[in-house]
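Asker: First the structure, then my questions, so here it is.
The values are calculated or read from the model by the stated rules, or taken from the named source; none is laboratory data. Predicted, not measured: the structure shown is a model, and the values here were computed from it. Glycine gets a Cβ as well: all are built from the backbone with ideal geometry, and neighbour counts include every protein chain shown. Heads up: the accessible areas ignore ligands, DNA and RNA and are worked out on the full protein's heavy atoms, side chains in. Shrake-Rupley method; radii C 1.70, N 1.55, O 1.52, S 1.80 Å.
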Amino acid sequence: MPPSGLPQDLVRLLQDFTLEANHYVDAAGGRNDMHRTDLNALAVVMRHSAAGRVVTPGVLRSELRLSSPATTALVDRLHASGHLTRERLGTDRRQVQLHMTPKAYRDGSAMFLPLAMRMGKAMDAYSPEELELVRRFMTDMVEATIDARHEATSPEPN
């Protein structure tokens, strides 16, 4: 019988949250003819751009764990849909930098504003101190998940 208790309940709730968030992304993206990978790519571009970092197809390939052909198809699809622009950089103009368009921001807002509003309403029931504790908890859970992913993808010792 699996162990029970609050930590295990919290892990199950995190799993439920992840599953429901994925369902929401699929539903919202589907209404806009966008796949989850498209939305994840735009999230990567937005996060890096907000931090002042250059976003290239290689960044998308690495972060989304896609093959080169899949990355090219993704960038072509987002460019054709009006969500990304490509800018050639450098003297040889081989490096391509990706930028989100105003359409991408509008579509993203339309898709995710309902979720943000419901989440904001749910958070209104918590004090600033409680929210800070949850922020710390979620930060630790993200870091633990990243560590577990790195462990799962590293070569096994001989």
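Asker: Can you tell me which residue in the stretch 21-45 is nearest to the chain's Cα centre (by Cα), limited to those that are of a type in the set (D, E, K, R) and open to solvent by 20 Å² or more (accessible area, probe 1.4 Å)?
Answerer: This residue is 36.
Quick grid of which residues meet (1) hydroxyl-bearing (Ser, Thr, Tyr); (2) open to solvent by less than 60 Å² (accessible area, probe 1.4 Å); (3) under 13 Å from residue 46 (Cβ atoms):
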| position | (1), (2), (3) |
| --- | --- |
| 66 | no, yes, no |
| 72 | yes, no, no |
| 77 | no, no, no |
| 88 | no, no, no |
| 104 | no, yes, yes |
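Asker: Which number in (1) of a type in the set (S, T, N, Q); (2) loosely packed, with under 14 Cβ neighbours inside 10 Å; (3) touching a strand residue (DSSP E or B) at 6+ places or on another chain (Cβ under 7 Å) marks the one condition that residue 56 misses?
Answerer: (2)
Asker: Within the stretch 123-133, can one find any residue that is outside any helix (DSSP H, G or I), touching a helix residue (DSSP H, G or I) at 6+ places or on another chain (Cβ under 9 Å) and open to solvent by 80 Å² or more (accessible area, probe 1.4 Å)?
Answerer: Checked against the condition, which is being outside any helix (DSSP H, G or I), touching a helix residue (DSSP H, G or I) at 6+ places or on another chain (Cβ under 9 Å) and open to solvent by 80 Å² or more (accessible area, probe 1.4 Å), the stretch 123-133 yields at least one hit.
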